[in-house]
1. Apply the a/c threshold of 1.5 to the C-alpha gyration tensor of region 97-177 and tell me whether it is rounded, prolate or oblate.
2. Could you work out the helix-only [θ] at 222 nm for the chain, with each DSSP H run of four or more residues adding -39,500 (n - 2.57) and the total divided by the number of residues, to the nearest 500 deg cm²/dmol?
3. Looking at the calculated P(r) for region 283-331, what percent of the C-alpha pair distances fall above 15 Å?
4. Relative contact order for the chain: what percent, with Cα pairs under 8 Å and sequence separation of 6 or more?
5. Rounded if a/c is under 1.5, else prolate if a/b is larger than b/c, else oblate: which is region 73-132, with a ≥ b ≥ c the root eigenvalues of its Cα gyration tensor?
6. Would you mind listing how long region 1-95 runs along its three principal axes, going by Cα atoms, in whole Å with the largest first?
7. Would you kindly calculate the mean projected area, averaged across all directions, of the convex hull enclosing the Cα atoms of the chain, in square nanometres?
8. What Kirkwood hydrodynamic radius, in Å, does region 128-250 give when the mean of 1/r is taken over all pairs of distinct Cα atoms and then inverted?
Amino acid sequence: MGRIVMKFGGTSMAGSERIRRVANIVRRQQAAGHEVAVVVSAMAGETDRLVGFCREANPLYDPAEYDVVVASGEQVTSGLLALTLQALGCKARSWLGWQLPIHTDDAHAKARIGEIDSNALLASMAAGEIAVIPGFQGVTDDNRITTLGRGGSDTSAVAVAAAIGADRCDIYTDVDGVYTTDPRIVAKARKLKYVTYEEMLELASVGSKVLQTRSVSLAMKEGVRVQVLSSFIDDDAAPADAIPGTMIVSDEELEGIDMERQLITGIAADKNEAKVILTRVPDRPGAVATIFGPLAAANINVDMIIQNVGRDKGETDVTFTVPGADLLRAQTLLEAQKEAIGFNRIITDGKVAKISVVGVGMKSHAGVAATMFRALADRGINIQAISTSEIKVSVLIDEDETELAVRVLHTAYDMDAKDEAA
């Protein structure tokens, strides 16, 4: 039949009962005739617990030893799932990151995968054995354990799928697919049958929590078809091939599937934003570089940037956003550079949110931004900053207006659930 990689997140692996449910889902895929590899996360909350131990042991911990500790969570769940599959009569074994091996660079706690030696894994799967692989981890050239950063199991699954030439990578989560927006905010949000890599990458980067950004980027680069679906299904449910999740595919594949696509695919909200304003910055060449150079050197990502029109005195105000978690670091760094930059004062606001509309239809249709601005204005929602890409428009608004803005835009773009699927 086919070759499938299945990935299960922490909530799916949280305890023996849920692991048994996962094992039954996996068993059904193999019974359908597929060669199966499974990538698992640590149990929900386990990585946080292990990180806490590291901090208690040494607040200035060695990242290499940190990786040894936190990688153990996935080792436990991979072994438990293999044992559970064996109890169900399946041939199964676990493959740790160093046993495949999954080669990474040596950037501990945020390593990137270079290549995966898959020959032994392929031979095992061809012999009818279910391979269970701990996500989130790999090994350096000098045989040190590494981890890929939080949410890295998604990236592990896509990388394994690429390495073994899988027909599909199924990402099982606590939601049953990708929706037009958060269903907890908009009850009429629609589940999407298909989303392009580009759209999913933008949605992941602007606040959608369904998939890790790096995993989507890797899937697009390697051409891995990714399906998002729920692991919280009945034990007697049909295998994933018959369950309607959301498929992440290329533009070319989608054009052949859905010719009448909606203009906007999704709306995302991200409250993890903070606004920074530097007043009376000298309006001269190189002034902006003195602001953003030090931030880049400190690995602080800057998103929206607005430079106001220069004043008569040769000064201007510069507004930008940073992740909320980096606000204090950014403020401290800029204060230390105040003389070099030449600004008057810093004004910060951590109570803001970024609202984004995403869709490949923007490439060929005008008026998307105008619709957004008009809909928000009609409800008295003030826009504080704007950024755009070829398939995205994002605005910064007051955090208290987040849910209202999402609902207003969902209606403005006619995205409420109807009888037909998107």
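1. Working: a/c = 2.17, a/b = 1.15, b/c = 1.89.
Here region 97-177 falls in the oblate category.
2. Values: 14 runs with 146 residues, N = 422.
When only DSSP H runs of four or more count, the value is -10500 deg cm²/dmol.
3. Details: 565 of 1176 pairs.
Counting pairs separated by more than 15 Å, the tail of P(r) holds 48 percent.
4. Values: 875 pairs, mean separation 59.9, N = 422.
About 14 percent, as a whole number.
5. On the way: a/c = 4.57, a/b = 1.59, b/c = 2.87.
Note, shape of region 73-132 comes out oblate.
6. The principal-axis extents, from largest down, are 50, 24, 17 Å.
7. Numbers: hull surface 91.7 nm².
Across all orientations, the chain yields a mean hull projection of 22.9 nm².
8. On the way: mean 1/r = 0.0650 Å⁻¹.
Computed over Cα pairs of region 128-250, the Kirkwood hydrodynamic radius comes out at 15.4 Å.
The values are calculated or read from the model by the stated rules, or taken from the named source; none is laboratory data. What you see is a predicted model; the values in this text were computed from it and never measured. All Cβ positions, even for glycine, are placed from backbone atoms using ideal geometry, and neighbour counts span all protein chains on display. We work out accessible area using only protein heavy atoms, side chains counted, and drop any ligands, DNA or RNA first. Shrake-Rupley method; radii C 1.70, N 1.55, O 1.52, S 1.80 Å.
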